[in-house]
Amino acid sequence: MKVIHLMSTHAFSGAENVACQIINAFKDDANCKMIYVSEINENKKFLDDRVINYYELKKFNYSNVKRAIDELNPDIIHAHDVRAIIIASFFSKRAKVVGHVHGNHENMRKITPKTVLFNKVTKKLDKIIWVSKSALDNYKYKENIMNKSEIIYNAIDVERLYSRISEDKNEYEKYDIVYLGRLSYPKNPIRLLSIIKMIKEKKSDIRVAIIGNGELEEEVKNYILNNKLKDNIVLYGYIDNPYKVLNSSKMMVMTSRYEGTPMCALEAMALEKPIISTPTDGLLDIIDNNETGFYSDDDTMLSRKIIELLDNPDKLARMSENVARKSKEINNIENYKEKIKQIYKMEM
């Protein structure tokens, strides 16, 4: 069986990470050959580091995707974003098409040209994977696709995560908080900074690592300077292997407006890091409130919980133990692989 993973994007983020996780999960399976198909650009390094076989599109459009499908002749087109799903649907007579929706995007909750077109092409899809219950529940036309939809929560390969940590020979300081994600509207990093500002009023020595880049990078830098947070926050930018920094931190803080099941949260849990977050989508499915982390839509409550955990090492340690147990439940890459096999209807 030949499977292509089709992406219309070329910035390495959550969906790209999931596609690579799936490809690597099947790398030793003689019954399945997988290839990543997209514009590659700056992602070449990230794909090479993960030993991902890829086919490069000079530009993502119908004609180039058609050329790739003509050459690769896949049995399955696994499309990982709405634009890729729409293009893939044109080839549904030549291959099984699986759509994969990676987030609870705001523009999928209302009538827009995008949702109308997506609703139309879903008739040609064999299956649609949703990474959280909220993503499916909030989709505007969900009643039309329930019979071909399945919720499969993301999972990570924990063994490979620890291997990546061992590959990093750099030394990092210890951090109270780590943020790992794009500096973009959905992730809402300015809200994170406002919470850190509140914490600093009580804990002047708070240390924070921010890993990621994006369109809000300059706004983030300006907020840090204007609010005298420069001595508290280290901006790393994008790091391909951020896991040693993550492992050097006490907890992860997330302030997303919407999510799917974020890979960074699963990675944090695999490293026994509690997650303090806004009550967002798939995070509600993996955070047991006050057990493996804490969620609230009140910034004062979030800042108080962070301070409480930092001031009570025993409480933080107990929560970390709970996180470790929870991670074993949800980060099972073999179970995840079996679910994908069922979607593909591969021979077991």
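Coordinate-derived values only; no laboratory data. Owing to the predicted nature of the structure, the values given are computational and were not obtained by experimental measurement. Quick reminder, even Gly has a Cβ in these numbers, built from the backbone with ideal geometry, and neighbours come from all protein chains shown.
Residue by residue through the stretch 94-103, which ³J(HN,Hα) values in whole Hz follow from phi under the Karplus form 6.51 cos²θ - 1.76 cosθ + 1.60 (θ = phi - 60°), with glycine and proline marked x?
Listing the rounded values in order: 9, 7, 5, 10, 10, x, 10, 9, 9, x Hz.
To the nearest 10 degrees, how steeply does helix 313-330 sit against the main Cα axis of the chain, on a 0 to 90 scale?
It is inclined by approximately 10 degrees.
For the stretch 158-330, what does the alpha-carbon gyration tensor say about shape, rounded, prolate or oblate, given a ≥ b ≥ c as the root eigenvalues, a/c under 1.5 as rounded, and a/b over b/c as prolate? Don't jump to the answer; show the numbers that get you there.
Details: a/c = 1.33, a/b = 1.16, b/c = 1.15.
Because its axes are fairly even, with a/c under 1.5, the stretch 158-330 counts as rounded.
How large is the translational diffusion coefficient of the stretch 301-348 in µm² per second when you combine the Kirkwood radius over alpha carbon pairs with Stokes-Einstein at 10 °C and 1.306 mPa s?
118 µm²/s
Among the aspartates and glutamates, which have Cα under 13 Å from the Cα of K221 when same-chain residues fewer than 8 positions away are ignored?
D231
On each of the three principal axes of the Cα atoms of the stretch 19-114, give max minus min coordinate, whole Å, ordered largest first.
If we take the Cα atoms of the stretch 19-114, the spans are 42, 28, 27 Å.
Check the straight Cα-Cα distances from K230 and name the aspartates and glutamates below 12 Å, setting aside those fewer than 8 residues away within the same chain.
D205
Taking the alpha-carbon centroid of each part, what is the distance from the stretch 244-260 to the stretch 124-165 in angstrom?
Distance between centres, Cα-based: 21 Å.
Karplus couplings for the stretch 299-307 from phi (6.51 cos²θ - 1.76 cosθ + 1.60, θ = phi - 60°), rounded to Hz, Gly and Pro as x?
Along the stretch 299-307, the couplings run 4, 5, 5, 4, 5, 5, 5, 4, 4 Hz.
Nearest 0.05, what FRET efficiency do N290 and S92 give at R0 = 35 Å with Cβ-Cβ as r? Write out the running numbers ahead of the final one.
Working: r = 47 Å, r/R0 = 1.33.
According to the calculation, E is roughly 0.15.
What are the trypsin sites (Lys or Arg not before Pro) within the stretch 158-191 that DSSP puts in a loop, where the Cβ has at most 10 other Cβ atoms within 10 Å? Don't skip to the end; give the middle numbers.
Details: sites: R160, R164, K169, K174, R182, K187, R191; in loops: K169, K174, R182.
Passing sites in the stretch 158-191 are K169, K174.
Rounded, prolate or oblate: pick one for the stretch 128-219, where a ≥ b ≥ c are the square roots of the eigenvalues of its C-alpha gyration tensor, a/c under 1.5 means rounded, and failing that, prolate if a/b is larger than b/c, else oblate.
Numbers: a/c = 2.82, a/b = 1.54, b/c = 1.83.
Because a/c hits 1.5 or more and a/b fails to exceed b/c, the stretch 128-219 counts as oblate.
For S163 and D297, FRET efficiency with R0 = 35 Å and r from the beta-carbon atoms, rounded to 0.05? Kindly include the intermediate steps, with their values, before the conclusion.
Details: r = 37 Å, r/R0 = 1.05.
Efficiency at R0 = 35 Å is approximately 0.40.
Would you kindly state how much longer the chain becomes between E338 and A317 on full extension, computed as 0.36 nm times their sequence separation minus their alpha carbon distance, in nm to one decimal? All intermediate terms of the calculation are to be shown ahead of the outcome.
Working: separation 21, 0.36 × 21 = 7.56 nm, distance 3.33 nm.
This chain segment gains 4.2 nm when fully extended.
Any chance you could run the full-extension gain for D29 through K58? It's 0.36 nm times the residue separation minus the Cα-Cα distance, nm to one decimal.
On the way: separation 29, 0.36 × 29 = 10.44 nm, distance 2.94 nm.
That pair, D29 and K58, stretches by 7.5 nm at full extension.
Please report how many Lys pairs in the stretch 140-189 have alpha carbons closer than 30 angstrom, counting only residues at least 8 apart along the chain or sitting on separate chains.
On the way: K140/K148; K140/K187; K142/K187; K148/K187; K169/K187; K174/K187.
Here the count comes out as 6.
Above 27 Å lies some portion of the pair distances; for the chain, what is it as a whole percent of all C-alpha pairs?
On the way: 28183 of 60378 pairs.
Value for the chain: 47 percent of Cα pairs lie more than 27 Å apart.
Obtain the nm distance between the two label points defined at K328 and R257 by a simple spin-label model: each point lies 7 Å from its Cα along the Cα-to-C-beta direction.
That separation, rounded to one decimal, is 4.0 nm.
Applying 1/(1 + (r/R0)^6) with R0 = 51 Å to the Cβ-Cβ distance of N73 and E201, what FRET efficiency is obtained, to the nearest 0.05? Don't skip to the end; give the middle numbers.
Values: r = 62 Å, r/R0 = 1.21.
Computed FRET efficiency for N73 and E201: 0.25.
Projecting each Cα onto the charge dipole of the chain (Lys/Arg +1, Asp/Glu -1 at the beta carbon, about the Cα centre), which of N61, A135, I199 comes out farthest on the positive side?
Checking the options against the dipole of the chain, the answer is N61.
Assign one of three labels to the stretch 3-68, namely rounded, prolate or oblate, based on the Cα gyration tensor with a ≥ b ≥ c the square roots of its eigenvalues; rounded applies when a/c is under 1.5, prolate when it is not and a/b is larger than b/c, and oblate otherwise. All intermediate terms of the calculation are to be shown ahead of the outcome.
On the way: a/c = 2.02, a/b = 1.30, b/c = 1.55.
Verdict is oblate for the stretch 3-68.
Which length gain, in nm to one decimal place, applies between L229 and N119 when the Cα-Cα distance is subtracted from 0.36 nm times their residue separation? Walk me through the numbers on the way to the answer.
On the way: separation 110, 0.36 × 110 = 39.60 nm, distance 4.56 nm.
Fully extending the segment from L229 to N119 adds 35.0 nm.
Given H placed on each backbone N at 1.01 Å, which residues far from Y36 in sequence or on other chains put an amide H within less than 5 Å of it?
HN-HN under 5 Å from Y36: H5, N53, Y54, Y55.
Under 17 Å between alpha carbons, and skipping anything fewer than 8 positions from K66 in its own chain: which lysines qualify?
Cα-Cα hits under 17 Å: K2, K58, K93, K96, K124.
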